[in-house]
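Peer 1: My questions will all concern the structure given below.
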Amino acid sequence: MNETAWSSDTWCRFLPALHRELADPCIESGLPRSFVSLNFEDTCAWWETLRYLFRSLVGWRNLPAGLAWWYENCQPHLDDPRLQLVRDRWNTRGELDIFAAREWESRGCTGMTDDGPLDFPDSYEPHPGWWNELRERSPFSEPSPWGGGYNPLHLGHSDSVGLDEPAEEPMTMHDRVTRRAVLVASSFGSWRRQLELFGRSLPDLAGRSWHIEVFDRAIGYLGTYRQSRETGLWFQGKHSVHLAGNSRMGRET
């Protein structure tokens, strides 16, 4: 997905707002607080932004497993601004349940590419009777990510955002003593690719981790990332939270 493609994809329209919200919660980022009263395109984008937060920022490649862990632990925020934002924006009325239901029922398959079901139980529920309780609840506003097929909102557009081959070199700097580094990506469409390439070029720290602050020239601060030695993925936040969404992985993504 090139720079023009992601920026014109209505599913991805709120991704810059997500980064701005996390960078400074006091500003008006433009990220909707609810999907109630949103039109169809904005509703799809609202749910897609949640998927992007979990996959590209927290680094959950097995999203069903990560959600299962979070539900089983009563959805703690763990002083993590990303998890707190999920609670504040995507779960004020239990909306997260219908997103989780889609992930568990489909076992993470989107149908957007040639992806297949993840290694995850077919009949998972966070507690006995959870599915029956969900079906008996008053429905949320349509459209919904759950019901009407395994991916009725065609979520998954953001999975490739940030992975373009960069057209220009990024600006970088690093300090081995502090283990800090800075990456100014040449474009939002290639920031994840440039983070991966920059990480490979950094000196080995003998078992320690680099902390890379990532910026985009147009959007601003994209977060501080570390690379997991267990998954090989770049992520924000606590390593234990990152690992929770990478267990029982059934395919590479």
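Only the coordinates and a few stated rules stand behind these numbers; no lab work does. Everything quoted here is computed from the prediction, not taken from an experiment. Positions of Cβ are backbone-derived with ideal geometry, glycine not excepted, and every protein chain shown enters the neighbour counts.
Peer 1: Quickly estimate the mean residue ellipticity at 222 nm for the chain, helices only: each DSSP H run with n ≥ 4 gives -39500 (n - 2.57), and the total goes over all residues, rounded to 500.
Peer 2: Computed ellipticity for the chain at 222 nm equals -9500 deg cm²/dmol.
Peer 1: Starting at the first residue of the stretch 85-94, write each ³J(HN,Hα) from the Karplus equation 6.51 cos²θ - 1.76 cosθ + 1.60 with θ = phi - 60°, in whole Hz, x for Gly and Pro.
Peer 2: In residue order, the calculated couplings are 5, 4, 5, 7, 10, 10, 8, 6, 10, x Hz.
Peer 1: From the residues L134, A167, G199, which one has its Cα farthest along the dipole of the chain in the positive direction, the dipole being from +1 and -1 charges on Cβ of Lys/Arg and Asp/Glu about the Cα centre?
Peer 2: G199
Peer 1: Can you give me the three principal axis dimensions of the chain from its C-alpha atoms, in Å, biggest first?
Peer 2: The principal-axis extents, from largest down, are 56, 38, 36 Å.
Peer 1: Suppose every K and R has +1 on its Cβ and every D and E has -1 on its Cβ; what is the size of the dipole of the stretch 156-253 about the Cα centre, in Debye to the nearest 20?
Peer 2: Computed about the Cα centre, the dipole is about 500 debye.
Peer 1: Name the residue from S106, G149, F188 whose Cα lies farthest towards the positive end of the charge dipole of the chain, charges +1 on Cβ of Lys and Arg and -1 on Cβ of Asp and Glu.
Peer 2: Checked the options; the winner is F188.
Peer 1: Sorted by average packing, counted as other Cβ atoms within 10 angstrom per residue and highest first, what order do 43-55, 189-201 take?
Peer 2: 43-55, 189-201
Peer 1: Here is a further query. Would you mind computing Rg(Cα) / (2.2 N^0.38 Å) for the stretch 171-237, counting N as its residues?
Peer 2: 1.04
Peer 1: Using 0.36 nm per residue, how much length does the chain from L78 to Y221 gain when fully extended, once their Cα-Cα distance is taken away?
Peer 2: Taking L78 through Y221 to full extension adds about 49.3 nm, to one decimal.
Peer 1: Testing the spin-label approximation: label points 7 Å from Cα along Cα→Cβ at R93 and S34. State their distance in nm.
Peer 2: 0.5 nm
Peer 1: Here's a follow-up. What nm distance separates the two modelled labels at S138 and D175, each placed 7 Å from Cα along Cα→Cβ?
Peer 2: 5.5 nm
Peer 1: In percent, how large is the relative contact order of the chain, given Cα pairs closer than 8 Å and 6 or more residues apart?
Peer 2: 25 percent
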